[in-house]
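Undergrad: This structure is in structure tokens; I'll ask about it shortly.
The values are calculated or read from the model by the stated rules, or taken from the named source; none is laboratory data. Remember, predicted model here, so these are calculated numbers, not experimental data. Here the Cβ positions follow ideal geometry from the backbone for every residue, glycine too, while neighbour counts run over all protein chains shown. Each accessible area value is taken on the protein alone, full model and side chains, heavy atoms only, with ligands, DNA and RNA left out. Shrake-Rupley method; radii C 1.70, N 1.55, O 1.52, S 1.80 Å.
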Amino acid sequence: MISNLSDVESEEIIKLNLCGSKYPYVFVSDVCSVGDGAHSKVNRVSEGLPYLTSKNIGQGKLKLDNYDCISIEDFERLFSQNSKAIRRPMAGDVLIGIIGTFGNAYLYKNNDHFGFASSIGILRPNQKLLLPGFLYYAITSPKFKNVHSNYNAGSVQGYTNIPTIKKLQLPLPPLNDQKKITALLTSLDDRITLLRETNTTLEAIAQTLFKSWFVDFDPVRAKQQGREPEGMDAETAALFPDSFEESELGLVPMGWQVGILGDILVESTKRVGKTSAIVLSAVQSGELVRSSEHFTKKVHSEDISKYKEVSKYAFAYNPSRINIGSIGINEFDSIGAVSPVYVVARPNTRELGYFLWHHLKTSNIQEWIKILCSGTVRQSLSFKDFSSIPILTPPHEILSSFLDIRDSLYVSVNANRERINLLTTLRDILLPRLISGQLRLREDGNQFKESVQ
């Protein structure tokens, strides 16, 4: 793996060297003050400071797609500066989910300002002994998380408490070693974050272009007004009509086909049987992901022979969760397998598959899905109803032109994804070895030797 890294990445790990000794372990209570969030009743308001629960704590980041707010007055009351309890968060505190979403951790930053419930624990390091960054990496290490999970007292959702947290153990290297370890792991995380942000930008460019061409019809409007469409050559512009026509969807570009999703999708109920397949799950981000990599616990059966097969570029969704965006396309080079409760549908062509994939991210389709789900007892969506959603399909030449541009952007997106996976794997390999002392950073930074312990 190391030989596949760039010069920059190799330069990072070339500073590593093996040392025979390991670091001593101490109790959390020996090096941290420990507390948790507010226990009192909280008055939620529509505007104010964010008030988070453990579900808002991701691994190293906050998940702010859905959260409550409290007033500044309530924040000052619940998180008083004068309180003797470890409750008001400070920069350098490590927050950890202790109820519900269990074990994820976040390092509180200087510019953070939010309150949180008692489902979140606070670890405040004694910085004469323990650096905040090292504490964050120590409690996100597999060993700490495994030990922590052994104290999970919840049968349905994760649950632990402050006395238990205090009794857990951490490695305690010298401060200079902590500083070097944190710097290396942070540099890897920063690079992963930058690549993810780059991908977000590239994906947004593709989606913006899709919306301009197929939702707002900007090229058609430009030609109708006697202007040249922006951002395209004359050959591409010639593919678009210069007028609209009436349809059951309202005014649409002349010659485009009004239909339904069922015109471009076919439901598939084929079972995996003995075919080798990877188990997939549709997640809220609109992707099909490997279940084994996404979930901390195994969520599928040992025997997947009765699971539904998801061929490449086919869609799969959970009928009870599609209303929150859980539908994705199989982009893996392997046959996928999804739970028998899923709906699987194959597009007629790869081009139509990605055309639909971008359409699913538009407000128009999302509103249709919510409307169709709202009429059912469990807010589920059958393929029959899904396939009835109206859709406007452009001529093949325009679709191909869009896919050419889209694919050129996704060459970079996919390359970045591979690098993210590589860096993530590298970090996950190094992290437990570095914080335990199995692998040590050398002072001269001239040579890397693989651990033999």
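Undergrad: So in region 384-440, with the set limited to residues that are in contact (Cβ under 8 Å) with a residue 60 or more places away in the chain, under 19 Å from residue 215 (Cβ atoms) and under 29 Å from the mean Cα position of the chain (by Cα), which one is most open to solvent (accessible area, probe 1.4 Å)?
TA: It comes out as 405.
Undergrad: Confirm whether residue 339 is open to solvent by 80 Å² or more (accessible area, probe 1.4 Å), among the polar types (S, T, N, Q) and under 24 Å from the mean Cα position of the chain (by Cα). Before the answer, list the steps.
TA: Working: open to solvent by 80 Å² or more (accessible area, probe 1.4 Å): no; among the polar types (S, T, N, Q): yes; under 24 Å from the mean Cα position of the chain (by Cα): yes.
No: the conditions fail for residue 339.
Undergrad: Now for a different question. Name the residues in region 273-292 that are open to solvent by 70 Å² or more (accessible area, probe 1.4 Å) and part of a helix (DSSP H, G or I), would you?
TA: Residue satisfying the conditions is 292 alone.
Undergrad: Could you say whether any residue in region 208-215 is more than 23 Å from residue 413 (Cβ to Cβ) and in a loop (DSSP other than H, G, I, E, B)? Please lay out each step first, then the result.
TA: Keep residues of region 208-215 that are more than 23 Å from residue 413 (Cβ to Cβ), which gives none.
For region 208-215, residues more than 23 Å from residue 413 (Cβ to Cβ) and in a loop (DSSP other than H, G, I, E, B): absent.
Undergrad: Return the pairs, sorted by first residue and then second, in which the second residue is part of a helix (DSSP H, G or I), the first residue lies in region 250-272 and is open to solvent by 60 Å² or more (accessible area, probe 1.4 Å), the beta carbons are less than 6 Å apart, and the residues are 6+ apart or on different chains.
TA: From region 250-272, the pairs are 267/383.
Undergrad: Could you check region 158-184 and list, in sequence order, the residues that are in a loop (DSSP other than H, G, I, E, B) and open to solvent by less than 30 Å² (accessible area, probe 1.4 Å)?
TA: Here is the first cut: in region 158-184, the ones in a loop (DSSP other than H, G, I, E, B) are 160-161, 168, 172-174.
Scanning region 158-184 gives 160, 168, 173.
Undergrad: Now, a different point. Quick check on region 313-333. Is at least one of its residues open to solvent by 60 Å² or more (accessible area, probe 1.4 Å), closer than 26 Å to residue 250 by Cβ and in contact (Cβ under 8 Å) with a residue 12 or more places away in the chain?
TA: no
Undergrad: Could you please tell me which pairs satisfy a Cβ distance under 7 Å, a separation of 6+ or placement on different chains, a first residue in region 232-245 that is closer than 10 Å to residue 221 by Cα and in contact (Cβ under 8 Å) with a residue 12 or more places away in the chain, and a second residue that is of a type in the set (S, T, N, Q) and open to solvent by 60 Å² or more (accessible area, probe 1.4 Å)?
TA: Matching pairs, first to second residue: 242/224; 243/224.
Undergrad: Could you check, for region 216-239, whether at least one of its residues is basic (Lys, Arg), under 30 Å from residue 418 (Cβ atoms), modelled with pLDDT of 95 or more and open to solvent by 40 Å² or more (accessible area, probe 1.4 Å)?
TA: Just the residues of region 216-239 that are basic (Lys, Arg), to begin with: 221, 223, 227.
Retained after the next criterion (residues that are under 30 Å from residue 418 (Cβ atoms)): none.
No, region 216-239 contains no residue that is basic (Lys, Arg), under 30 Å from residue 418 (Cβ atoms), modelled with pLDDT of 95 or more and open to solvent by 40 Å² or more (accessible area, probe 1.4 Å).
Undergrad: Test each condition in (1) within 24 Å of residue 168 (Cβ to Cβ); (2) in contact with a Phe, Trp or Tyr (Cβ under 9 Å, 6 or more places away or on another chain); (3) not small (Gly, Ala, Ser) for residue 70 and report the one that comes out false.
TA: Every listed condition holds for residue 70 apart from (1).
Undergrad: Continuing with the same structure: Please enumerate the residues belonging to region 11-31 that are outside any loop (DSSP other than H, G, I, E, B), out of contact with any helix residue (DSSP H, G or I) (no Cβ under 7 Å at 6 or more places or on another chain) and either modelled with pLDDT of 90 or more or open to solvent by 20 Å² or more (accessible area, probe 1.4 Å) (or both).
TA: Residues of region 11-31 outside any loop (DSSP other than H, G, I, E, B): 11-13, 16-17, 25-31.
Filter again for out of contact with any helix residue (DSSP H, G or I) (no Cβ under 7 Å at 6 or more places or on another chain), leaving 11, 16-17, 25-26, 30-31.
11, 17, 25, 26, 30, 31 - these are the residues of region 11-31 that are outside any loop (DSSP other than H, G, I, E, B), out of contact with any helix residue (DSSP H, G or I) (no Cβ under 7 Å at 6 or more places or on another chain) and either modelled with pLDDT of 90 or more or open to solvent by 20 Å² or more (accessible area, probe 1.4 Å) (or both).
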